[in-house]
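Below is one structure, written out as structure tokens; the observations come after it.
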Amino acid sequence: MSELKQTLNIAMIGHGFIGKVHSNAFHQVGHFFQTPFQPRLKVVCGRDREKLEAVASQWGWEEIATDWRTVVDRKDIQVVDIAVPNVLHAPIAIAAAAAGKIVLCEKPLAMSLDEAERMAAAVRQVPNLVWFNYRRVPAVAFAKTLLSEGRVGQIFHYRALYLNQSGSNPTKASGWRYQRAVAGSGTTGDLLSHSVDLALDLNGKITELMAMTKTFVPARDVDDAVVVMARFANGSIGSFEASRFAPGSRNRNSFEINGSQGMLRFNLENLNNLEIFDATEPANLQGIRNLLVTGPNHPYAENFWKPGHIIGYEHTFIATLGDFLGTLARTETFHPNFEDALAVQRVLDAIQRSADSNSWLTLEV
Ligand code: SOE
């Protein structure tokens, strides 16, 4: 008989694509992670009552609400999960933190660096998380292990791409993600923020960068594509490219790292695999190993299925929540949190300023 778990009543603000992904994680986390907490899908909040009722019945939310202000300081709510367009991240996070709630927030953290600084300051007293979920792709977590063990040696290059084709149909792509007043930026915040978070986590601080952005649809006031050259504190050099105008790529979040001992390569469109090149092997045996990172002895292999049984996009959110609840139980600091997302926002801010001024920028490290 399992011991009684502490219920965590959740209020989720927002109910679109990512709201469903979060709802699934709240339902599933206890099946894969030993945690003393039981997430309870208490109230889902949004503007459209009809859509809310449909999401609530499909995903098992007990209540609906149409005004987040009436929800974030409810006494019976312990967790506020922010899954709405970027312009609402700051007011909700700051209000929820002021009410002493645990705060979960989608990426990018904020509309601007100034907002991100105020948000990070506001949540310093409460447990907090930012859904940079790709850190918990087992193949990505394994790459981090190999890097921390020095298996790639001195890092020379960090190369990142995040490509999809969601923006290339101007008639379709007119939602909030394409409006600066609601999203803060375009591809930079939506896609490149993931690439920057992984680069800072896997390869350390960026000291300098030069960026270029491009908007292909004249009517739009956000970037459709962005390209960045960067220098890292560890002496390596980096290149980043993100675009919503890349027919042929659906969700290609990929990175490639070259070092003195070898190479690592990951592509989200093949998320269970990590490509490894070991330059210490005899030259005539050197070749790219396409590793299936599903165990044994791989990150999260104990949590999900038997070796060889692959996982999907949704499991990266379950693992993020599972680890978060683990740190909550042990009163440890979770990563990625608002401070980590603030570090990402500093880079995004420099990218915007560099693109606007066509110049190299130095970042405080
Ligand atoms: C964009 O299409 C998007 O949904 C991003 O907003 C998500 O953050 C990314 O994980 C998948 O692509």
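What follows draws every value from the coordinates through simple rules; no lab data is involved. As the structure is a computational prediction, the values presented were derived from the model and not from experiment. Backbone-built Cβ (ideal geometry, glycine too); neighbour counts: all protein chains shown.
Just V80, V103, V43 to compare: in a GNM of the chain, with alpha carbon springs under 10 Å, which one fluctuates most?
Comparing V80, V103, V43 in the GNM, the peak value goes to V43.
In percent, how large is the relative contact order of the chain, given Cα pairs closer than 8 Å and 6 or more residues apart?
Values: 782 pairs, mean separation 70.8, N = 365.
This gives 19 percent for the chain.
Pop out the Kirkwood hydrodynamic radius of the stretch 120-200 from its pairwise C-alpha distances, inverse of mean 1/r, in Å to one decimal.
After inverting the mean inverse Cα-Cα distance, the result is 15.7 Å.
Please work out the FRET efficiency for the pair T207 and A121, using the Cβ-Cβ distance as r and a Förster radius of 22 Å; give the result to the nearest 0.05. Before the final figure, lay out each step's value.
Working: r = 25 Å, r/R0 = 1.12.
Efficiency for this residue pair is about 0.35.
Net charge within 14 Å of N273 by Cβ-Cβ distance, Lys/Arg positive one each and Asp/Glu negative one each, not counting N273 itself? Display every interim value, and only then the final one.
Working: positive: R252, R265, R289; negative: E256, E269, E275.
Cβ neighbours under 14 Å give a net charge of 0.
Skipping prolines and chain starts, which residues have an amide H placed within reach, meaning under 5 Å, of the one on N337, given they are 5 or more residues away or on another chain?
V130
What does the extension gain come out to for D67 and Q34, with contour length at 0.36 nm per residue minus their alpha carbon separation? Write down the numbers at each step before the final one.
Values: separation 33, 0.36 × 33 = 11.88 nm, distance 3.39 nm.
Taking D67 through Q34 to full extension adds about 8.5 nm, to one decimal.
Got a sec? Which residues in the stretch 108-141 would a label at D221 touch, if it sits 7 Å along Cα→Cβ and we count backbone N under 20 Å?
It comes to 108, 110-116, nothing else.
Taking θ as phi - 60°, what are the ³J(HN,Hα) couplings along the stretch 197-208 by the Karplus curve (6.51, -1.76, 1.60), each to the nearest whole Hz, with x for Gly and Pro?
Ordered by residue, 3J(HN,Hα) equals 4, 5, 5, 5, 6, 8, 10, x, 5, 9, 9, 8 Hz.
Working from the pairwise distances between different alpha carbons, so that the mean of 1/r is found and then inverted, what is the stretch 181-271's Kirkwood radius in Å?
On the way: mean 1/r = 0.0700 Å⁻¹.
Computed over Cα pairs of the stretch 181-271, the Kirkwood hydrodynamic radius comes out at 14.3 Å.
Peptides 326-332, 242-248: what's the order by average Cβ count within 10 Å, highest mean first? Let's see the in-between values first.
On the way: 326-332: 12.7, 242-248: 20.1.
Taking the mean over residues of other Cβ atoms within 10 Å, the ranking is 242-248, 326-332.
Return the sequence-ordered ³J(HN,Hα) values of the stretch 351-358 in whole Hz as given by the Karplus equation 6.51 cos²θ - 1.76 cosθ + 1.60 applied to θ = phi - 60°, using x for Gly and Pro.
Whole-Hz 3J(HN,Hα) from phi for the stretch 351-358: 4, 4, 5, 5, 5, 5, 9, 6.
Expected output is a single nm value to one decimal: the length gained when fully extending between E339 and S57, i.e. 0.36 nm times separation in residues minus the C-alpha distance. What is it? Write down the numbers at each step before the final one.
Working: separation 282, 0.36 × 282 = 101.52 nm, distance 3.52 nm.
Using 0.36 nm per residue and subtracting the Cα-Cα distance, I get 98.0 nm.
Which value, in debye to the nearest 20, describes the size of the charge dipole of the stretch 92-154 about its Cα centre when Lys and Arg Cβ atoms bear +1, Asp and Glu Cβ atoms bear -1, and nothing else is charged?
Values: 8 positive and 5 negative charges, 51 e Å.
My answer is approximately 240 debye.
Based on the alpha carbon coordinates of the stretch 226-321, what radius of gyration and maximum Cα-Cα distance (Dmax) apply, in Å?
Computed over the Cα atoms of the stretch 226-321, radius of gyration and Dmax are 16.0, 44 Å.
Where in the stretch 219-255 does the amide nitrogen come within less than 18 Å of the point 7 Å from the Cα of Q154, taken along Cα to Cβ?
The answer is 231-238, whose backbone nitrogens lie closer than 18 Å to the label point.
Specify which residue in the list A83, L104, V126 is farthest towards the positive end of the charge dipole of the chain, using unit charges on the beta carbon of Lys, Arg (+1) and Asp, Glu (-1), about the Cα centre.
Projecting each Cα onto the dipole axis, the largest value belongs to A83.
Quick one: Debye curve from the alpha-carbon atoms of the stretch 1-133 only, equal weights, vacuum; give me log10 I(q)/I(0) at q = 0.14, 0.19 Å⁻¹ to two decimals.
For the stretch 1-133, the Cα-only Debye profile gives -0.59, -1.08.
Taking 4 °C and 1.567 mPa s as the conditions, I'd like the Stokes-Einstein D for the stretch 1-79 in µm²/s, using the Kirkwood hydrodynamic radius from alpha carbon pairs.
Working: Rh = 13.0 Å.
It comes out at roughly 100 µm²/s.
Exceeding 27 Å between C-alpha atoms, which entries from my cross-link table qualify? They are K20/K214; K144/K306; K107/K205; K42/K144; K107/K306; K20/K101. If you can, show how the numbers build up before the last one.
On the way: K20/K214 31 Å; K144/K306 22 Å; K107/K205 19 Å; K42/K144 36 Å; K107/K306 31 Å; K20/K101 21 Å.
Pairs exceeding the cut-off: K20/K214; K42/K144; K107/K306.
Which number comes out as Rg/Rh for the chain once both Rg and the Kirkwood Rh are worked out on C-alpha atoms?
Numbers: Rg = 20.5 Å, Rh = 21.3 Å.
So for the chain, dividing Rg by the Kirkwood Rh gives 0.96.
Run the dipole for the chain about the Cα centre, Lys and Arg Cβ at +1, Asp and Glu Cβ at -1, nothing else charged, and hand back the magnitude in debye, nearest 20. Don't jump to the answer; show the numbers that get you there.
Values: 35 positive and 37 negative charges, 69 e Å.
Magnitude of the dipole: close to 340 debye.
When the chain is treated as a GNM, springs tying every alpha-carbon pair under 10 Å, which of P296, P108, P336 comes out with the largest mean-square fluctuation?
Maximum among the listed residues: P296.
Tally Lys/Arg at +1 and Asp/Glu at -1 over every other residue whose Cβ is under 9 Å from the Cβ of R289; what's the total?
On the way: positive: none; negative: E275, D278.
Computed value for this residue: -2.
Run lengths n ≥ 4 of DSSP H only: what is the helix-derived mean residue ellipticity at 222 nm for the chain, with -39500 (n - 2.57) per run over all residues, to the nearest 500?
Values: 9 runs with 110 residues, N = 365.
It lands at -9500 deg cm²/dmol.
Calculate the translational D of the stretch 286-365 in whole µm² s⁻¹ from Stokes-Einstein, where the hydrodynamic radius comes from the Kirkwood formula applied to all Cα pairs, the temperature is 37 °C and the viscosity 0.692 mPa s.
On the way: Rh = 16.3 Å.
In µm²/s, the coefficient is 201.
Taking the Cα of R49, stepping 7 Å toward and past its beta carbon, and measuring to each backbone N in the stretch 11-31: which are under 19 Å?
Those under the cut-off are 14-15.
What ³J(HN,Hα) values, in whole Hz, does the Karplus curve 6.51 cos²θ - 1.76 cosθ + 1.60 give for the stretch 25-30 when θ = phi - 60°, with x put for Gly and Pro?
5, 4, 6, 8, 4, x
Between L291 and E314, what is 0.36 nm times their sequence separation minus the Cα-Cα distance? Round to one decimal in nm.
On the way: separation 23, 0.36 × 23 = 8.28 nm, distance 2.09 nm.
Stretched out fully, the L291 to E314 stretch lengthens by 6.2 nm.
Grab the beta carbon distance between K306 and N24, set R0 = 22 Å, and tell me the FRET efficiency rounded to 0.05.
Working: r = 21 Å, r/R0 = 0.98.
Working from the Cβ atoms, E equals 0.55.
Rank L163, L209, V228 by how far each Cα sits towards the positive end of the charge dipole of the stretch 148-230 (+1 on Lys, Arg Cβ; -1 on Asp, Glu Cβ) and give me just the farthest.
L163
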